[in-house]
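Written below as structure tokens is the structure these notes are about.
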Amino acid sequence: MKDIIEAIKRSSLKIRDIIEDGDTAKSDNQNSTGDTQLKLDIASDVVIENEFKQLDCIKQIVSEEQEHIVNINESGKYYIAYDPLDGSSLVDVNLSVGSIYGIYENDFTGSNIVASIYVVFGPRVEMVIADGETVKMYRLQKGEFNYIQDIKLNQKGKLQSPGSTQACWYPYHKDMIDNFFKDGYRLRYSGGMVPDLHQILLKGGGLFSYPSTSDLPKGKLRQLFEVFPFAFTYECAGGQAIDGISRVLEIETTHIHDTSPCFFGSNAECEVVKEVYSNNG
Ligand code: AFP
């Protein structure tokens, strides 16, 4: 695992340079989910793949930007699914973006995730590692990632990040979101799940939601690259990650690019979601 972390650190330094100096234009390609890839997405993907290809401990990798799994070393132990530059369209307007890595054993299944790492590229570059027991944050300072703090969610927070197209929300979902606001929750939504989820983690708690909607019944966020890694982080931090009713990490993945509705939060908010969705699902 140490080698993987070091490879991610090296990749992050290069991706930071790509963000600062790279071309934010669209490429001519679309990824598997139908998003037009930016040149930044492709450049970041190449950096990570080249780093991971050098590690014997990795059996397979799969990128959100690629159609297929890439074999690295037949006798390797780890399977890594990654989103090289989530929220890349936000670079244009100088908002924060991030890389997300889910590290699995045996296969790419939610129940087999053993660690997750994300890196936020904002005013600062921060890396957060969840290893099944703790969630630790490191910050890039003078070329080194230095330990800053452990992250633990409170039982209840004050922020909510409600994603997706509001016109397509189901009425019970809209009522639930409205009720959180009536209870005093503050809106925090940038359109980048890495900084939005990072904010909730660091400010003690709240709720990030990307539900099933009438236009996207299975949500938008991809299980292997986005949902499972953050689910693992939130659970390690003492919170929850659910599809409305059940843990997202129990979902069976049928295709590497499957998506899932998801809610990440501290316990009090997730219990409200479960109650609403159990009565309406
Ligand atoms: P991109 O990587 O295509 O910019 O999408 C970002 C993202 O996957 C995730 O980071 C956001 O939380 C979510 O999409 C925002 O989607 P909506 O604009 O539909 O709320």
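We did not get these values from a lab; they are worked out from the coordinates using the rules stated. Everything numeric in this text was worked out from a predicted model, so none of it was measured. Using ideal geometry, Cβ is built from the backbone for each residue, glycine included, and neighbour counts are taken over all protein chains shown.
The listed peptides 103-112, 265-274, ordered by packing as a protection proxy, come out as 265-274, 103-112 (highest mean of other Cβ atoms within 10 Å first). With 27 Å as the limit on Cα-Cα distance, the pairs of Lys9/Lys59; Lys39/Lys77; Lys158/Lys220 that go past it are Lys39/Lys77. Applying Stokes-Einstein at 25 °C and 0.890 mPa s to the Kirkwood radius of segment 2-150, computed over alpha-carbon pairs, gives a translational diffusion coefficient of 157 µm² s⁻¹.
Report, ordered by chain and residue number, the aspartates and glutamates lying within cross-link reach of Lys2, taken as a straight Cα distance under 19 Å and ignoring same-chain residues fewer than 8 apart. Correct list for Lys2: Glu49, Glu51, Asp56, Glu105, Glu126, Asp131, Glu133, Glu144, Asp150.
When the Cα positions of Val125, Gly244, Gln54 are compared along the charge dipole of the chain, Val125 comes out farthest toward the positive end, with charges on each C-beta of Lys, Arg, Asp and Glu.
Taking only C-alpha pairs under 8 Å that are 6+ residues apart, what is the relative contact order of the chain in percent? Relative contact order here is 15 percent. Tell me the Kirkwood hydrodynamic radius of the chain in angstroms, computed as one over the mean inverse distance between distinct C-alpha pairs. Every distinct Cα pair counted, the radius reaches 18.8 Å.
According to the Cα-based calculation, Rg over Rh for segment 127-281 is 0.97, with Rh computed by the Kirkwood formula.
Quick one: angle between helix 171-182 and the longest Cα principal axis of the chain, in degrees between 0 and 90, rounded to 10, please. Between helix and principal axis, roughly 90 degrees.
Its Cα gyration tensor gives segment 63-206 an equivalent ellipsoid, and the semi-axes of that ellipsoid, as √(5λ) in whole Å with the largest first, are 29, 20, 17.
Bridgeable lysines around Lys156 (alpha carbons under 23 Å apart, same-chain partners fewer than 8 residues away excluded): Lys136, Lys174, Lys182, Lys203, Lys274. I'd like the orientation of helix 2-21 relative to the chain: the angle between its Cα long axis and the longest Cα principal axis, in ° from 0 to 90, rounded to 10. Helix 2-21 sits roughly 80 degrees off the main axis of the chain.
Sorting 132-142, 81-91, 243-253, 40-50 by their mean Cβ neighbour count within 10 Å, with the most densely packed peptide first, gives 81-91, 40-50, 243-253, 132-142.
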